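For reference, the structure is listed below as structure tokens.
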Amino acid sequence: MATSSPSAGGMPIAIGAIVGAAIGFVFGEATPGFLIGIALGIAVALLIWWRGR
């Protein structure tokens with residue numbers, strides 16, 4: 001029985017945080033941008049986890 005390694009979901013969270021903060025900084029709202037980026041990154045990470053199951 002072959003086992004496959006699980007996909008990593010942390011990268012979308014990190015990229016979402018960085019990109020969200022950068023976009024928020026452009027609009028003068030870095031904290032909300034950061035939080036929205038984190039939320040979107042978590043959603044993508046959950047989708048990756050769900051597909052891997």
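Couple of notes before you dig in:
- Cα pair distances exceeding 14 angstrom across the stretch 9-53, given as percent: 44
- Percent accessible area from carbon and sulfur atoms, the chain, protein chains only, probe 1.4 Å: 74
- Using the rule -39500 (n - 2.57) for each DSSP H run of four or more residues, divided by the residues of the chain, the 222 nm mean residue ellipticity is -26000 deg cm²/dmol.
- Between 0 and 90°, nearest 10: helix 30-52 axis offset from the chain longest Cα axis: 10
- Accessible surface, per residue, of the chain when the full set of protein chains is kept, probe 1.4 Å, Å²: 81
- Folded to 0 to 90 degrees: helix 10-26 orientation relative to the chain principal axis, Cα: 10
The values are calculated or read from the model by the stated rules, or taken from the named source; none is laboratory data. Every value quoted in this text rests on a predicted model; they were computed, and no experiment measured them. Accessible surface is based on the protein model in full, side chains and every heavy atom, while ligands, DNA and RNA are left aside. Shrake-Rupley method; radii C 1.70, N 1.55, O 1.52, S 1.80 Å.
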